[in-house]
1. Would you confirm whether any residue within region 206-218 is over 24 Å from Val320 (Cβ atoms), touching a helix residue (DSSP H, G or I) at 6+ places or on another chain (Cβ under 6 Å) and assigned by TED's automatic domain parsing to the domain that holds Ser357?
2. Would you check if there is a residue in region 169-176 being touching a strand residue (DSSP E or B) at 6+ places or on another chain (Cβ under 7 Å), more than 30 Å from Asn307 (Cα to Cα) and modelled with pLDDT of 95 or more?
3. Within 28 Å of Gly330 (Cβ to Cβ), hydroxyl-bearing (Ser, Thr, Tyr) and in contact with a Pro (Cβ under 9 Å, 6 or more places away or on another chain): which single residue out of Tyr186, Tyr193 fits that description?
4. Scan region 154-183 residue by residue and report those that are out of contact with any helix residue (DSSP H, G or I) (no Cβ under 7 Å at 6 or more places or on another chain) and surrounded by 18 or more Cβ atoms within 10 Å (Cβ to Cβ).
5. What number goes with the only condition from (1) out of contact with any Asp or Glu (no Cβ under 8 Å at 6 or more places or on another chain); (2) within 21 Å of Lys168 (Cα to Cα) that Gly363 does not pass?
6. Can you tell me which of (1) surrounded by 24 or more Cβ atoms within 10 Å (Cβ to Cβ); (2) within 13 Å of the chain's Cα centre (by Cα) is the one Glu370 doesn't meet?
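The values are calculated or read from the model by the stated rules, or taken from the named source; none is laboratory data. In this text the structure is predicted, and so the values were computed from the model without any measurement. Using ideal geometry, Cβ is built from the backbone for each residue, glycine included, and neighbour counts are taken over all protein chains shown.
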Amino acid sequence: MVVSMQDRQKQPKSKENRPRADIARLFSAATTLAVFSAVIAAGLSNGELLNLGRGIAMLSVGVMQPEGTAKVLSQRLERVPAAGRPNPPPALPQYSTAGGLLTSGMLISKPASNPLNAPKEEGDGGKVIELQLTTGSTFIQGVAIKNASSRTIDIAAELKKKPKITLKDTLEPQVLIYHTHTTEAYMTYYAGYYNAEDAERTKDATRSVVAVGEAISEQLRAAGIGVIHNVTVHDSPKYAGAYERSANTVKKILKQYPTIKVIIDVHRDAVRKSSTEKYKPTVVIGGRKAAQVMLVTSLGDTKIVPNPNWAENLRLALRVQKELHTQHKGIARPLYLVDSRYNQHLCKGALLVEVGSEANTVGEAVYSGEILGKTLAKVLKSFKK
């Protein structure tokens, strides 16, 4: 969430591994039979079935691993130590959350009567409201904006200007994905409510924005674009100063890998109707639920807080926004333009993206990460020599 500017490899088959594989197959078959019995009784959605399938797969993998453990995220995640001294963050404008929140007026669905793995409602949390937030009312070439900056822009004119970003055919990394607020978490279930124990922040990478960042990374790698996914925790144990710490991380990586042309800070939003009511911005894409996404671009550039790259960053964001809206209608909230810098001065191809809110499920957010990754790959490949 934007808060402040400062702030397989294949293992050789062996006799020892065969019993584990046999056990895994038996376990998977038995579990699958039990699951489909539950499906008939509970009536699960496509999204819930997908998440369930993933869970079964991971359990089977765990049985086959020599030490009985399943590695969820890519081993290619790079961890670079954070550095820098935190500064108190100034107050910044936030996307409207109450009263003035615009929506499409369409409720996506009702929670399942017996949602899989949903804990009992304890009464100490609140309500989750699933809906599709507005994608905008005025579009110019497929782009709608929410301009909270002090600058006026001509969308059509900026879309005509190609960003000064050139990708090459190389195995070297050209994209960096990182997280200023690394511990931002998602729900693991949707039942129309949340409990107080449902953490909004976690260091469990399978439940946080790190999982979304890896989904984006995988799609870029599949398209032949080298990626570094940095998962340094910048917002814990201290939240204040996270932007300064993530900036230091980015600077180190850019120095080490000068081939990087694009940096992407992946967050998740926090959208509430009240202190006990959370909005879950959701859209159905390809028959599956996806968390809506919002790109945030800085247009601020002053002597005190310089951002000479704002125009190039804007042109990149406009192209990604256009592609998202035209190819995956409903997934993109309006492009949010602000004065706050958010580390976008560090690169001519800097993006910040909010994927869903704390009320979305991690499965929905990861699916949106896959869509965003494919979209980014298409846009970035158009910049290749």
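1. Kept after step one, since they are over 24 Å from Val320 (Cβ atoms), are these residues of region 206-218: 206-207.
With touching a helix residue (DSSP H, G or I) at 6+ places or on another chain (Cβ under 6 Å) added as a condition, the list becomes 207.
The next check asks that each one be assigned by TED's automatic domain parsing to the domain that holds Ser357; those that pass are 207.
There is at least one residue in region 206-218 that is over 24 Å from Val320 (Cβ atoms), touching a helix residue (DSSP H, G or I) at 6+ places or on another chain (Cβ under 6 Å) and assigned by TED's automatic domain parsing to the domain that holds Ser357.
2. no
3. Working: Tyr186 fails: in contact with a Pro (Cβ under 9 Å, 6 or more places away or on another chain).
One residue alone meets the criteria, Tyr193.
4. Pro173, Gln174, Thr183
5. For Gly363, the exception is condition (2).
6. Among (1) surrounded by 24 or more Cβ atoms within 10 Å (Cβ to Cβ); (2) within 13 Å of the chain's Cα centre (by Cα), the lone unmet condition for Glu370 is (1).
Condition check ((1) surrounded by 22 or more Cβ atoms within 10 Å (Cβ to Cβ); (2) farther than 28 Å from Ser150 by Cα) across all residues:
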position	(1), (2)
Gln321	yes, no
Leu324	yes, no
Ala332	yes, no
Leu346	no, no
Ala359	yes, yes
